[in-house]
Amino acid sequence: LRFMREWMLLGPDLPKDIRKRNELAPPKAMVAIGGMEGVIEEARIFLEHARLWDVVEPSKIYVVPSGGGAAARLLTTDDRPLKDAREAGRIVDLERLWAEHHPGVLPENAPFVPYASIVQYMLDNLRG
């Protein structure tokens, strides 16, 4: 699994011929929803590899915290690399961001979270 993660995130061990043949490009974002402890490790790997990517704007990690699980902890952990990324604006509470850009769309304490709309908002903003 670690080997697959390394290659998907264009790690330093990814053979150049595989990257070229498959036209692999750095991911624009990571989305964390729910999950178990592996989400925390995935976020660390994502940030570690992102330092190697030749991109204009650093890739971000978008978190959907209401799903619970380990993903929500990305917004509160004191783990140094994750905390630094959060303070730099690279770990984003996607639900909060969506609510800030869509005030009044949902009543306060709505009984549901409009996940499809929230994720569509993120995808629309990643296209640019």
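The values are calculated or read from the model by the stated rules, or taken from the named source; none is laboratory data. What you see is a predicted model; the values in this text were computed from it and never measured. Here the Cβ positions follow ideal geometry from the backbone for every residue, glycine too, while neighbour counts run over all protein chains shown. Quick note on the areas: whole protein, heavy atoms, side chains included, nothing else; ligands and nucleic acids left out. Shrake-Rupley method; radii C 1.70, N 1.55, O 1.52, S 1.80 Å.
All of 108, 87, 100 fail the test of being of a type outside the set (S, T, N, Q), at pLDDT 90 or above and over 23 Å from residue 27 (Cα atoms), apart from 100. Name the pairs whose Cβ atoms lie under 7 Å apart, with the first residue in the stretch 3-20 and touching a residue at least 12 places away in the same chain (Cβ under 8 Å), the second basic (Lys, Arg) and assigned to a helix (DSSP H, G or I), and 6 or more positions between them or separate chains? So the pair list comes out as 10/19. Does the stretch 111-123 contain at least one residue that is among the β-branched types (Val, Ile, Thr), touching a strand residue (DSSP E or B) at 6+ places or on another chain (Cβ under 6 Å) and buried (at least 16 other Cβ atoms within 10 Å of the Cβ)? Checking the stretch 111-123: not a single residue is among the β-branched types (Val, Ile, Thr), touching a strand residue (DSSP E or B) at 6+ places or on another chain (Cβ under 6 Å) and buried (at least 16 other Cβ atoms within 10 Å of the Cβ). Filtered by the rule that a residue be outside any helix (DSSP H, G or I), in contact with a helix residue (DSSP H, G or I) (Cβ under 8 Å, 6 or more places away or on another chain), open to solvent by 50 Å² or more (accessible area, probe 1.4 Å) and of a type in the set (D, E, K, R), the stretch 51-84 gives no residues. Here residue 3 meets each of (1) on the phi > 0 side of the Ramachandran plot; (2) not in a loop (DSSP other than H, G, I, E, B) with one exception, condition (1). You will find that of 87, 23, 48, 95, the residue that is within 15 Å of the chain's Cα centre (by Cα), open to solvent by 50 Å² or more (accessible area, probe 1.4 Å) and either in contact (Cβ under 8 Å) with a residue 12 or more places away in the chain or under 23 Å from residue 6 (Cβ atoms) (or both) is 48 and no other.
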